[in-house]
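Asker: The structure is given below, and queries will be raised subsequently.
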Amino acid sequence: MRRRDFLVNLGAGAASVFLGGCMTAAKKKAARPNILIIHIDDLGWTDLSCFGSKYYETPNIDRLAKQGMKFTNAYAACAVCSPTRGALMTGRYPVRLGVTDWIRSQFMRPKTPEAHKKPTGYEGGKDKKLLCPKNAYWMELDEITIAEMLKKAGYRTCHIGKWHLGDEKWFPDKQGFDYNIGGCDFGQPPCYFDPYYRKGQGDIPTLKARRKGEYLTDRESDEAVNFITNHKDKPFFLYLANYAVHAPLQAKEEITKKYQQKRPTNQNNPIYAAMIQSVDEGVGKVVRTLKKLNLTNKTIIIFTSDNGGFLKATDNAPLRLGKGYPYEGGIRVPLIVRWPGVVKPGTVCKELVISVDYFPTVCQAAGVAGPKDRDIDGKSLMPLLKHTGSLKRDALYWHFPHYRSKDIVPYSIIRSGNWKLIKRYEGKKFELFNLKNDLSEKNDLSAKRPGKVRELNRKLVAWLKQTKAKMPIKNPEYQPKKDASVK
């Protein structure tokens with residue numbers, strides 16, 4: 001038995017001993033709800049009707065919000081996908097996982113032996129001022145996932161959709177999932193229509209073609225319905241991680257036509273709108289299945305996204321910019337939690353929460369003791385869900401020691417209360433915003449409030465040291481580009 005498995009067993013065993021001494025068998029059964037996490041890819045904060053969109057239509061997701069709690073200050077652990085997915089699975093910040101950027105799939109890597117080895121050291125061309133730590137190609141198997149914790153406690157576990165946390169040796173079935181439907185190293189699907197194939201990328205190795213032309217989001221919701229139906233009599237954990245609404249932007253023609261005829265707002269992409277509608281219809285199908293099988297009151301639903309909306313697809317206003325950026329448009333995401341009998345319907349929570357919080361929340365809900373041999377950064381949302389208190393959290397943190405596109409340089413972020421400090425490692429060092437008064441981050445207060453900058457920077461530096469974050473370093477071979485206008 002691996003050391004990790006021993007620790008998971010020990011945690012589950014300790015929890016069962018505790019529960020056995022304090023509860024009757026009937027209460028123990030009632031305290032083991034089904035867990036359904038719906039994790040949408042690249043869904044922006046305002047991409048749902050219930051979060052302000054006047055163009056996209058999401059009646060089923062809106063209904064979840066009316067039946068549960070809507071969080072307006074929820075964040076992804078990173079402005080890009082893989083780090084957030086690892087953080088959600090483990091309750092640990094991406095810096096601890098070594099996954100601080102999106103993971104390059106095998107088909108995207110150079111055809112060399114190094115492409116299958118753990119990356120070490122730094123990378124960067126002569127045109128970059130900084131050398132950046134190489135990102136991981138996978139999340140290590142020694143990390144303990146939600147699925148592993150719940151599986152040891154008797155849950156049946158299923159992953160459907162996007163995984164993006166490593167090659168075959170690191171697929172979901174190696175991380176506690178009994179079933180893996182569609183999860184692989186891909187960050188985006190080859191195509192949204194069966195047989196889900198694209199030249200150069202291939203097909204999805206863990207999702208067999210079923211019906212030519214079938215839409216991927218429909219297939220994912222069908223698989224979710226089948227899993228729930230087949231495991232209705234035992235506690236289950238379903239991680240429904242839709243590939244949508246990530247590129248390539250492809251949607252069903254009949255739905256796209258509907259939005260082509262609809263008056264656009266600041267959000268005006270009919271294909272993207274159709275993709276969102278398909279996601280919403282899939283959520284509706286799954287929720288109706290729970291109702292049909294009398295599982296509604298036995299199931300916790302957590303609905304969220306892995307980062308902000310992609311700017312070529314959507315508009316995140318009033319938030320600034322989008323996916324990849326350190327601004328709110330890159331990291332703030334929708335979050336809805338429905339738990340009948342526990343969460344009061346139609347409630348709104350403004351407290352700061354983040355992806356790492358789902359791990360301890362799920363463990364507590366299932367009566368499972370978390371691992372004791374590692375730092376768990378998340379806090380259980382139970383006090384918020386039950387209206388019994390706050391999280392008593394000092395700050396949230398992000399670290400992205402990489403370049404992205406032309407205008408994103410390595411950065412770190414701290415949010416404490418209403419204050420947010422962005423620290424860049426190239427160019428203008430600090431930006432300071434008061435999000436209570438400036439949600440769109442238009443007014444940089446760093447020059448006016450140097451004391452607040454120093455205070456937040458001290459906390460940020462301490463956190464980076466405590467988590468042993470890998471930092472960018474000066475590039476000794478840096479050669480700035482010559483200005484073509486100078487002769």
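The values are calculated or read from the model by the stated rules, or taken from the named source; none is laboratory data. In this text the structure is predicted, and so the values were computed from the model without any measurement. Note that each Cβ is placed from the backbone with ideal geometry, even for glycine, and that neighbours are counted across all protein chains shown.
Asker: Can you name the condition, by its number, that K420 falls short on among (1) crowded, with 22+ Cβ neighbours inside 10 Å; (2) in a loop (DSSP other than H, G, I, E, B)?
Answerer: (2)
Asker: Is it true that some residue in segment 349-368 is assigned to a strand (DSSP E or B), of a type in the set (V, I, T) and farther than 20 Å from V283 by Cα?
Answerer: Yes, segment 349-368 contains a residue that is assigned to a strand (DSSP E or B), of a type in the set (V, I, T) and farther than 20 Å from V283 by Cα.
Asker: Another question about this same structure. Do we find that D142 is acidic (D, E) and either out of contact with any strand residue (DSSP E or B) (no Cβ under 6 Å at 6 or more places or on another chain) or in a loop (DSSP other than H, G, I, E, B) (or both) in this structure?
Answerer: Numbers: acidic (D, E): yes; either out of contact with any strand residue (DSSP E or B) (no Cβ under 6 Å at 6 or more places or on another chain) or in a loop (DSSP other than H, G, I, E, B) (or both): yes.
When the stated conditions are applied, D142 passes them.
Asker: Any chance segment 301-316 includes a residue that's part of a loop (DSSP other than H, G, I, E, B), over 21 Å from the mean Cα position of the chain (by Cα) and surrounded by fewer than 24 Cβ atoms within 10 Å (Cβ to Cβ)? Walk me through it before giving the result.
Answerer: Step one: list which residues in segment 301-316 are part of a loop (DSSP other than H, G, I, E, B), which gives 306-316.
Within this subset, residues satisfying the condition of being over 21 Å from the mean Cα position of the chain (by Cα) are none.
The answer is no; no qualifying residue exists.
Asker: Specify the residue that is surrounded by the most Cβ atoms within 10 Å (Cβ to Cβ); the eligible residues are those in segment 230-283 that are β-branched (V, I, T) and within 22 Å of the chain's Cα centre (by Cα).
Answerer: That would be I276.
Asker: Then there is this: Residues to consider are K128, K118, K111; find the one that is over 20 Å from the mean Cα position of the chain (by Cα), without any contact (Cβ under 8 Å) to a residue 12 or more places away in the chain and outside the structural domain of P190 (by TED's automatic domain parsing).
Answerer: K111
Asker: Check off (1) within 24 Å of G330 (Cβ to Cβ); (2) assigned by TED's automatic domain parsing to the domain that holds P83 for H387 and give me the number that stays unchecked.
Answerer: Here H387 meets the rest and fails (1).
Asker: What do you reckon, is G322 in a loop (DSSP other than H, G, I, E, B) and either more than 26 Å from F400 (Cβ to Cβ) or modelled with pLDDT of 95 or more (or both)?
Answerer: Details: in a loop (DSSP other than H, G, I, E, B): yes; either more than 26 Å from F400 (Cβ to Cβ) or modelled with pLDDT of 95 or more (or both): yes.
Considered against the rule, which asks whether it is in a loop (DSSP other than H, G, I, E, B) and either more than 26 Å from F400 (Cβ to Cβ) or modelled with pLDDT of 95 or more (or both), G322 comes out as yes.
Asker: Kindly establish whether D377 is assigned to a loop (DSSP other than H, G, I, E, B), in the same structural domain as A87 (by TED's automatic domain parsing) and either basic (K, R) or closer than 30 Å to P401 by Cβ (or both).
Answerer: Values: assigned to a loop (DSSP other than H, G, I, E, B): yes; in the same structural domain as A87 (by TED's automatic domain parsing): yes; either basic (K, R) or closer than 30 Å to P401 by Cβ (or both): yes.
Judged against the criteria, D377 is a match.
Asker: If you don't mind, another one. Residue under question is L131, and the condition is that it be closer than 17 Å to S405 by Cα and of a type in the set (A, V, I, L, M); does it hold?
Answerer: Yes, satisfied.
Asker: Go through (1) more than 13 Å from V80 (Cα to Cα); (2) of a type in the set (D, E, K, R); (3) at pLDDT 95 or above and name the single condition R393 misses.
Answerer: For R393, the exception is condition (3).
Asker: While we're here: State which residue pairs qualify: first residue among the aromatic types (F, W, Y) and inside segment 318-336, second residue at pLDDT 95 or above in any location, beta carbons under 8 Å apart, and separation of 6 or more residues or different chains.
Answerer: Pairs that qualify, where the first residue is among the aromatic types (F, W, Y) and the partner is at pLDDT 95 or above, are Y325/A79; Y325/G308; Y325/I408; Y327/L319; Y327/R320; Y327/L321; Y327/I422; Y327/E441.
Asker: Quick one: how many residues across segment 80-126 are out of contact with any helix residue (DSSP H, G or I) (no Cβ under 8 Å at 6 or more places or on another chain) and part of a loop (DSSP other than H, G, I, E, B)?
Answerer: Going through segment 80-126 one residue at a time, the tally reaches 15.
Asker: So K134 clears everything in (1) under 22 Å from W463 (Cα atoms); (2) touching a residue at least 40 places away in the same chain (Cβ under 8 Å) except one condition, right? Which one?
Answerer: Single failed check for K134: (2).
Asker: How about segment 447-487: which of its residues are modelled with pLDDT of 95 or more and of a type in the set (V, I, T)?
Answerer: If the condition is that a residue be modelled with pLDDT of 95 or more and of a type in the set (V, I, T), then V453, V461, T467, I473 are the ones that fit.
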